[in-house]
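First the structure, in the form of structure tokens, and then the observations on it.
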Amino acid sequence: ALQRGISRKSFRVYYQPIYDARTGRFRSAEALVRLHDEKLGSISPEEFIRVAEQTGLIHSIGEMVFEEVCRFLSESDVLERGIRFIEVNLSTVQCMDDHLAETFRAILDRYHVDPHRINLEITESAVIFNESVMVNSIRKLQQEGFSFSLDDFGTGNASYSYIAKYPFRLIKIDKSFLWESEKDPVRNVIFLNMLSLIRGLERRSVAEGVETEKQKQMLIQRGTDYLQGYYFSKPLPEDQFLEYLALSNS
């Protein structure tokens, strides 16, 4: 199915808007890849990303996603509608590619896209997988003008020293911490201290999994910078995403 998706270019990129708590507008979005196969139907990214990494096909898929995002930035009026940057996920395997920065630069040049319009999301597990290679990869990408997010913060084994060592401007707290904080006082203390830590390190916090007005108001009161979740919108195909921005950012 992955090979069919690559050869037929049937992967699709959806965009989930991210709410800026300071301005009350949507200033960024996360690009998320989707696959509907003619034989297997819709396949969850949690399933096909794992297989793609194991088979090495993640390089082709990741390059396709990055190119689609650049094309979207180049050909649409998404920037005029308020979006400042789009977040693109990097897998652990992609981060080990010594030529990743050069590949991305060639695509940026092809579509005349400023690298500051793209923020690369890296998971905790990728950060600790091979530190020496990761440091080199991030250094090259940073030299090209990219910025970075640490994704799924709190779920892996990365220590706080990793946050200080790498140039992450955004720290995305995994949705499980928000959900569990409403059920367990101990988890709530942990969640609130994670927000305080991020703020103390002068990074920007992103709370994932926001699903209710109550959660939104609590996060804003606690000084969370960005909010993401189904309360605002599910991931949308690009035409629906543009329509959403026209209504929400007007």
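The values are calculated or read from the model by the stated rules, or taken from the named source; none is laboratory data. In this text the structure is predicted, and so the values were computed from the model without any measurement. Every residue, glycine among them, receives a Cβ derived from its backbone with ideal geometry; neighbour counts consider all protein chains shown. SASA here: full protein model, heavy atoms, side chains in, ligands and nucleic acids out. Shrake-Rupley method; radii C 1.70, N 1.55, O 1.52, S 1.80 Å.
State yes or no: is ILE61 more than 20 Å from LEU150 (Cα to Cα) and either polar (S, T, N, Q) or not in a loop (DSSP other than H, G, I, E, B) (or both)? Judged against the criteria, ILE61 is a match. Scanning the range 104-119 for residues that are more than 19 Å from TYR15 (Cβ to Cβ) and either open to solvent by 60 Å² or more (accessible area, probe 1.4 Å) or at pLDDT below 95 (or both) gives ARG105, ASP109, ARG110, HIS112. In a residue-by-residue description of the range 95-103, the property of being part of a loop (DSSP other than H, G, I, E, B), surrounded by fewer than 20 Cβ atoms within 10 Å (Cβ to Cβ), out of contact with any Pro (no Cβ under 6 Å at 6 or more places or on another chain) and aliphatic (A, V, I, L, M) applies to at least one position. If the condition is being more than 19 Å from the chain's Cα centre (by Cα), within 12 Å of ILE6 (Cα to Cα) and without any contact (Cβ under 8 Å) to a residue 40 or more places away in the chain, then the range 37-75 contributes only ASP37. Take the conditions assigned to a helix (DSSP H, G or I) and aromatic (Phe, Trp, Tyr) and apply them to PHE148. Does it pass? For PHE148, the condition - assigned to a helix (DSSP H, G or I) and aromatic (Phe, Trp, Tyr) - is not met.
Could you list all residues from the range 204-232 that are closer than 26 Å to LYS165 by Cβ and in contact with a Phe, Trp or Tyr (Cβ under 6 Å, 6 or more places away or on another chain)? Hit for the range 204-232 is VAL206, nothing else.
So is ARG187 of a type outside the set (A, V, I, L, M, F, W, C), within 17 Å of ASP20 (Cβ to Cβ) and surrounded by fewer than 19 Cβ atoms within 10 Å (Cβ to Cβ) or not? So ARG187 fails the test. Annotation: of all residues in the range 193-206 being among the aliphatic types (A, V, I, L, M) and assigned to a helix (DSSP H, G or I), the one that is most open to solvent (accessible area, probe 1.4 Å) is LEU197. Residues satisfying the criterion are present in the range 58-73 (criterion: open to solvent by less than 50 Å² (accessible area, probe 1.4 Å), of a type in the set (Phe, Trp, Tyr) and closer than 17 Å to HIS116 by Cα).
When LYS216, LYS234, LYS183 are checked against the criterion of being under 20 Å from GLY82 (Cβ atoms), assigned to a loop (DSSP other than H, G, I, E, B) and basic (Lys, Arg), a single residue qualifies: LYS234. Only one of the numbered conditions (1) of a type outside the set (S, T, N, Q); (2) in contact with a His (Cβ under 9 Å, 6 or more places away or on another chain); (3) surrounded by 17 or more Cβ atoms within 10 Å (Cβ to Cβ) is not met by ARG12, and that is (3). GLY209 falls short on exactly one of the conditions (1) assigned to a loop (DSSP other than H, G, I, E, B); (2) free of Cβ contacts under 8 Å to residues at least 24 places away in the same chain; (3) open to solvent by less than 60 Å² (accessible area, probe 1.4 Å), and that condition is (2). Of the residues making up the range 224-241, those that are surrounded by fewer than 18 Cβ atoms within 10 Å (Cβ to Cβ) and touching a residue at least 40 places away in the same chain (Cβ under 8 Å) number 3.
Might you check whether a residue that is outside any helix (DSSP H, G or I), at pLDDT 95 or above and hydroxyl-bearing (Ser, Thr, Tyr) occurs anywhere in the range 69-83? Yes.
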